[in-house]
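The block underneath contains the structure these notes are about, expressed in structure tokens.
The values are calculated or read from the model by the stated rules, or taken from the named source; none is laboratory data. Small disclaimer: the values here were computed from a predicted structure and weren't measured. Neighbour counts run over all protein chains shown; Cβ positions are idealised from the backbone, glycine included. SASA here: full protein model, heavy atoms, side chains in, ligands and nucleic acids out. Shrake-Rupley method; radii C 1.70, N 1.55, O 1.52, S 1.80 Å.
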Amino acid sequence: MSAVSRPARVTRLIALCTAFLLAVACAVSIAALSTSSAPVMPGERIEIEGRHVHVVESGKQRPGPLVVLESGLGGGAFAWGWIQPEVARFAHVISYDRAGLAWSDASDAPRDADGVAIRLHVLLERVHAHGPYILVGHSLGGLF
């Protein structure tokens, strides 16, 4: 009779199979990461006061007010990825990344509502966007 009991052998076999599956999963993940490319940035980065702000503009040829999409806390233009194209079917629409989010550079400027509004105003001037505006905010963006 073997010195190792049957339950111990089963436990070892399960541990070995689990380790093997984890190793395969890690290898597949590493291979996928090494072959995938970085996400493509939609829109453009515009320099404002020495830093770059990422903005996505759609439906520029549409008449009427400009729809400005303001994301919530920690969100950016990507948060409007499925909404912006639909709005652009009937309106000129802009979304952007606030300072330090996604593809926009960080800033030491205040992140309060006044600071966000001032920087948005400068951004709209820089992209030659004229009012009237319809401001659409999600979560914290609604407070701004």
Q) Looking at (1) in a loop (DSSP other than H, G, I, E, B); (2) on the phi < 0 side of the Ramachandran plot, can you tell me which one V122 breaks? A) (1)
Q: Please go through region 62-77 and pick out each residue that is more than 13 Å from the chain's Cα centre (by Cα) and open to solvent by less than 40 Å² (accessible area, probe 1.4 Å).
A: L66, V67, V68, L69
Q. Only one residue in A109, A99 is more than 19 Å from the chain's Cα centre (by Cα) and not acidic (D, E). Which one?
A. A109
Q: Look at W80 and say whether it is open to solvent by 10 Å² or more (accessible area, probe 1.4 Å), touching a residue at least 60 places away in the same chain (Cβ under 8 Å) and touching a strand residue (DSSP E or B) at 6+ places or on another chain (Cβ under 7 Å).
A: no
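Table: residues versus (1) in a strand (DSSP E or B); (2) touching a Leu at 6+ places or on another chain (Cβ under 6 Å); (3) at pLDDT below 90.
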position	(1), (2), (3)
S29	no, no, yes
A38	no, no, yes
Q61	no, no, no
G75	no, no, yes
A79	no, no, no
V93	yes, no, no
A106	no, no, no
R111	no, no, yes
